[in-house]
Amino acid sequence: SELIRGFLPYGMPCPSSCPPGLLALMAPGLALMATFSLPSQAGDRKALPVEKPPGVKGRTLILLDVNTKSPVRIISENFLSLQLDPSIIHDGWLDFLSSRRLVTLARGLAPAFLRFAGKRTDFLQFHNVKNPAKSRGGPGPDYYLKNYEDDIVRSDIALDKQKGCKIAQHPDIMLELQREKAAQMHLVLLKEQFSNTYSNLTLTARSLDKLYNFADCSGLHLIFALNALRRNPNNSWNSSNALSLLKYSASKKYNISWELGNEPNNYRTLIGRSVNGSQLGKDYIQLRSLLQLIRTYSRANLYGPNIGRPRKNVIALLEGFMKVAGSTVDAVTWQHYYIDGRVAKVTDFLKTRLLDTLSDQIRKIQKVVNTYTPGKKIWLEGVGATSAGGMNNLSDSYAAGFLWLNTLGLLANQGIDVVVRHSFLDHGHNHLVDQNFNPLPDYWLSLLYKRLIGPKVLAIHVAGLQRKPRPGRVIRDKLRIYAHCTSYHNHNYVRGSITLYIINLHRSRKKIKLAGTLRDKIVHQYLLQPYGKDGLHSKSVQLNGQPLAMVDDGTLPELKPRPLRAGRTLVIPPLTMSFYVVKNVNALACRYR
């Protein structure tokens, strides 16, 4: 066929009978898994044996092309966004958001949304006071608490004198004391989390100022989730405290978008009574009316209902919400955590079955949303490896990146407009930055994604030539390939360039030959591998063999590509993630914004 002929390397003519094992697969709406097997409805996959043509060496040669005429999806410029959990008020990290190093790291991931929400959203009370020393919550070791608090006050006074972005350079001893305090509070937070019993949390005006300053200085747009569990006797939402917060924010002219509550499907376990979808919809309409009364927020965006995993009862809640308030929200939001702390070993992150659990959840949400408000944007908020704060040396390691990068590819291909990563910095192990303010592997992966990936998603065409597999052996979806137009913000590449990102979960290297419109083009390789002796457990990474680290508190390293000569076969090492920019393709889909 013409399709198969277009994939044959080096212009090799297609004989009258092309090898039956040469498959041409198209994935215009879904992420393409380059598996070289035909999926059946029953879920079994039978690999087709082929006779290897002369001149083809190695185990597998993958022939890859991309449809460059038009995108299959266009996602938000803020597709990869960030979350901060209100627990940073409890453990004290909110006071350090003005750190130059943190602002530099966050600025690297702009443009993006910054969602301030989490398990403690519905226990958050706003208190309009300015003196942080008199209103700070959370214990600390007695021998340093007073001096530590005085240091925070002095830091706040110094920040108040600055105009524009307020940036602080915290002394090392101050950060060390904060880490000690946070370690103590970590135990308290974990106890609350596992018992599902949370204490009230106070957000002062001073704290809100610090939060907004961080977002604004970093080029992030703040989304604030209001407490939905303040209830009147008739179970309607009590908006008095929210109104106080809205008025203060408006007086400061803060540009904020809004949400109400977090995972309302869990309210019964939190407070002993539930809020159904219809009532939640009425609460959102009430919030929209409140926003319209305040000039600063009369046109502010409102997102919700921030439901959890779409099980039967959660779907019922979403349906009730959409009937009442589907037209009130600017995007429908939900959350997904892959595992409930059951990951015991690093190889669990390599299981394709785990990577694929998200796809079915997406379809369930899309079905409900498209029933009531066709075309409404859908966001995945609060995505992470585990819901229980992650696991040390696992969800903050290089191996966790397979899950994260596949999540980005899958969501973009299935039309999810924004994904919010939980979390940028917090007390658990799902974060992008650790408590020494050092970027973890998923941060570098996210930075590469931001630098190289644009909002236009492209369809991939793959053909594979392979040896006859062992009897009974099924080839799984362990090589995952996604394609986008290269980011317009990256001035190293002209418009019309294409970026591929590839996940190789195989324990052997794979070879990819670019065909069709990508043939004989210069390619820039960005190969991300673990750095150091810890392998997949590593919390450090290397790019094209060079370890990645910040140059100083105000400077991220240059992400240098490795140029590959035109026409060269791409060799994908085992258990790695990589990006490939195919230069000067002049793709029609990528020429214009």
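The values are calculated or read from the model by the stated rules, or taken from the named source; none is laboratory data. Bear in mind that the values here come from a model prediction, so they are computed numbers and not experimental data. Ideal geometry is used to build each Cβ from the backbone, glycine not excepted, and the neighbour counts take in all protein chains shown. To get the accessible areas, we keep the full protein, side chains included, count just its heavy atoms, and leave off ligands, DNA and RNA. Shrake-Rupley method; radii C 1.70, N 1.55, O 1.52, S 1.80 Å.
In the range 491-512, the residues that are farther than 22 Å from residue 413 by Cβ form Cβ pairs under 7 Å with partners that are among the aliphatic types (A, V, I, L, M) and assigned to a loop (DSSP other than H, G, I, E, B), at six or more places apart or across chains, as follows: 507/575.
Just for the range 489-520: of the residues that are modelled with pLDDT under 95 and hydroxyl-bearing (Ser, Thr, Tyr), which one is most open to solvent (accessible area, probe 1.4 Å)? Checking each candidate, the answer is 517.
Out of curiosity, is residue 167 in contact (Cβ under 8 Å) with a residue 60 or more places away in the chain and of a type in the set (Val, Ile, Thr)? Considered against the rule, which asks whether it is in contact (Cβ under 8 Å) with a residue 60 or more places away in the chain and of a type in the set (Val, Ile, Thr), residue 167 comes out as yes. Of all the criteria given as (1) part of a loop (DSSP other than H, G, I, E, B); (2) at pLDDT below 95, the one not satisfied by residue 95 is (1). Residue check: residue 444 meets all listed conditions (1) in contact with a Leu (Cβ under 6 Å, 6 or more places away or on another chain); (2) at pLDDT below 95 but one, namely (2).
Is it the case that some residue within the range 377-395 is open to solvent by less than 10 Å² (accessible area, probe 1.4 Å), out of contact with any Cys (no Cβ under 9 Å at 6 or more places or on another chain), at pLDDT below 95 and part of a loop (DSSP other than H, G, I, E, B)? Checked against the condition, which is being open to solvent by less than 10 Å² (accessible area, probe 1.4 Å), out of contact with any Cys (no Cβ under 9 Å at 6 or more places or on another chain), at pLDDT below 95 and part of a loop (DSSP other than H, G, I, E, B), the range 377-395 yields at least one hit.
Total residues in the range 255-271 satisfying the condition of being surrounded by 20 or more Cβ atoms within 10 Å (Cβ to Cβ) and either more than 23 Å from residue 382 (Cα to Cα) or of a type in the set (Val, Ile, Thr) (or both): the figure is 1. Is it the case that residue 220 is touching a residue at least 40 places away in the same chain (Cβ under 8 Å), farther than 14 Å from residue 86 by Cβ and more than 28 Å from the chain's Cα centre (by Cα)? Criteria not met by residue 220. Taking each residue of the range 556-575 that is in contact (Cβ under 8 Å) with a residue 60 or more places away in the chain and farther than 25 Å from residue 506 by Cβ and looking for partners that are assigned to a loop (DSSP other than H, G, I, E, B) and not aliphatic (A, V, I, L, M) with beta-carbon atoms closer than 8 Å, six or more apart or interchain, yields 556/108. Report yes if some residue within the range 423-440 is at pLDDT 90 or above and either assigned to a helix (DSSP H, G or I) or under 21 Å from residue 366 (Cβ atoms) (or both); otherwise report no. No: zero hits. Taking the range 116-167 as the range and being at pLDDT below 90 and touching a Phe, Trp or Tyr at 6+ places or on another chain (Cβ under 8 Å) as the test, the residues that pass are 119, 140. Can you confirm whether the range 342-349 contains a residue that is in a loop (DSSP other than H, G, I, E, B) and not charged (D, E, K, R)? Within the range 342-349 (the criterion being in a loop (DSSP other than H, G, I, E, B) and not charged (D, E, K, R)), the answer is yes, since at least one residue qualifies.
Do we have any residue at all in the range 325-335 that's over 30 Å from residue 429 (Cα atoms), touching a residue at least 40 places away in the same chain (Cβ under 8 Å) and among the hydrophobic types (A, V, I, L, M, F, W, C)? It would help to see each step written out before you state the result.
Within the range 325-335, the subset over 30 Å from residue 429 (Cα atoms) is 325-330.
Remaining after also requiring touching a residue at least 40 places away in the same chain (Cβ under 8 Å): 325-330.
Subset that is among the hydrophobic types (A, V, I, L, M, F, W, C): 325, 329.
Scanning the range 325-335 turns up at least one residue that is over 30 Å from residue 429 (Cα atoms), touching a residue at least 40 places away in the same chain (Cβ under 8 Å) and among the hydrophobic types (A, V, I, L, M, F, W, C).
Taken over the range 399-455, the criterion of being surrounded by fewer than 24 Cβ atoms within 10 Å (Cβ to Cβ), of a type in the set (D, E, K, R) and within 23 Å of residue 73 (Cα to Cα) is satisfied by 417, 450, 451.
Give the range 98-117 a look and list any residue that's of a type outside the set (Lys, Arg), under 15 Å from the mean Cα position of the chain (by Cα) and either assigned to a strand (DSSP E or B) or surrounded by fewer than 22 Cβ atoms within 10 Å (Cβ to Cβ) (or both), or say none. Selection gives 108, 110, 111, 112, 113, 114, 116.
Among the residues of the range 170-187, those identified as touching a residue at least 40 places away in the same chain (Cβ under 8 Å), under 27 Å from the mean Cα position of the chain (by Cα) and open to solvent by 40 Å² or more (accessible area, probe 1.4 Å) are 179, 186.
Which is basic (Lys, Arg), at pLDDT 95 or above and either at negative phi or in a loop (DSSP other than H, G, I, E, B) (or both), of 52, 69? Walk me through it before giving the result.
On the way: 52 fails: at pLDDT 95 or above.
Within the list 52, 69, the selection yields 69.
Of the residues making up the range 214-238, just one is out of contact with any strand residue (DSSP E or B) (no Cβ under 7 Å at 6 or more places or on another chain), crowded, with 21+ Cβ neighbours inside 10 Å and among the polar types (S, T, N, Q), namely 218. Taken over the range 530-582, the criterion of being over 27 Å from residue 434 (Cα atoms), open to solvent by 50 Å² or more (accessible area, probe 1.4 Å) and outside any loop (DSSP other than H, G, I, E, B) is satisfied by 562, 563, 571.
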